[in-house]
Amino acid sequence: MEYGIIKDSKIHPTAKIYGLVNIYGAEIGENTKIGTFVEIQSGVKIGKNCKISSHSFLCSGVKLENEVFVGHSVMFINDKYARATNMDGSMKTASDWKCDEIIVKRRASIGSNSTILGNVTIGENAMVGAGSVVTKDVPPNKIVVGNPAKVIGDVPDKQ
């Protein structure tokens, strides 16, 4: 099976990685599953027993704790003010950029086609509804939906 690019990463031997995945400079925990067409950039840390569904993008600065679910086509964004050039017209380089961290706590779930902006923490056991745009922290055990995502209720106890 063709994997795309996997280099300079720490991947637990029990992790399952499907085809056409790019992973570089990341850490992947035990029993985690990575779907097809996923990109995981340098510095990303993924805990154990996570599931990353196909077509998702995890940029530098993302940390997923254990048992996190990431739906299909989820986008993490680590730069709220992205530009190709500096004010003087010169091309931006790594030294012109500030990486905004994103933390997803244990057992949180992010629905398909959601966008998670930088400097955000998604609380333990929280759920992000499909298609949501998360612009601020999500409290533990809460359900958020919409653009921007807003709390609509509590995660049921048995979930």
Practice prompt. Could you grab the Rg to Rh ratio for the stretch 106-153? Cα atoms only, Kirkwood for Rh.
Written response: 0.90
Worksheet entry | Separation between Cα centres of the stretch 30-68 and the stretch 74-116, rounded to whole Å | 15
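So what is the orientation-averaged projected area of the stretch 77-159, using the convex hull of its C-alpha atoms, in nm²? Each step should come with its number before you reach the end.
Working: hull surface 24.3 nm².
If I average the Cα hull's projected area over directions, I get 6.1 nm².
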Item to complete: May I ask you to evaluate 6.51 cos²θ - 1.76 cosθ + 1.60, the Karplus curve with θ = phi - 60°, for each residue of the stretch 108-123 and list the ³J(HN,Hα) values in order in whole Hz, giving x for glycine and proline?
Response: 6, 10, 10, x, 3, 6, 7, 10, 10, 7, x, 6, 10, 10, 9, x
Response to the item:
Amide H neighbours of ILE6 at under 5 Å, excluding residues fewer than 5 places away on the same chain, with H built from the backbone geometry, are ILE23
Practice prompt. Specify which labelled value, from (1) 128; (2) 106; (3) 221, agrees with volume of the Cα convex hull per residue in Å³ derived from the coordinates of the model shown.
Written response: (2)
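Give me the net charge for the shell around PHE76: Cβ to Cβ below 11 angstrom, other residues only, Lys and Arg +1, Asp and Glu -1.
On the way: positive: LYS63; negative: GLU39, ASP79, ASP100, GLU101.
Residues near PHE76 contribute -3 overall.
Kirkwood-based Rg over Rh for the stretch 18-110 (C-alpha set), two decimals?
On the way: Rg = 14.3 Å, Rh = 13.8 Å.
Reported Rg/Rh, Kirkwood definition of Rh: 1.03.
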Worksheet item: Gain in length, GLU27 to THR14, computed as 0.36 nm per residue apart minus the alpha-carbon separation, to one decimal in nm?
Response: 3.4 nm
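If you roll a 1.4 Å probe over the stretch 1-96 with all protein chains in place, what percent of the accessible area is carbon or sulfur?
53
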Fill in: Fully extended contour minus Cα-Cα distance, from ARG83 to ASN147, at 0.36 nm per residue
20.8 nm
Item to complete: Taking amide H positions as placed in the peptide plane 1.01 Å from N, state which residues far from ILE143 in sequence (5 or more) or on other chains have amide H under 5 Å from it.
Response: MET127, ILE152, GLY153, ASP154, VAL155
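The values are calculated or read from the model by the stated rules, or taken from the named source; none is laboratory data. Small disclaimer: the values here were computed from a predicted structure and weren't measured. FYI the Cβ positions are ideal-geometry reconstructions off the backbone, even for glycines, and counts take in every protein chain you see. Surface accessibility is based on the protein's heavy atoms, side chains included, excluding ligands, DNA and RNA. Shrake-Rupley method; radii C 1.70, N 1.55, O 1.52, S 1.80 Å.
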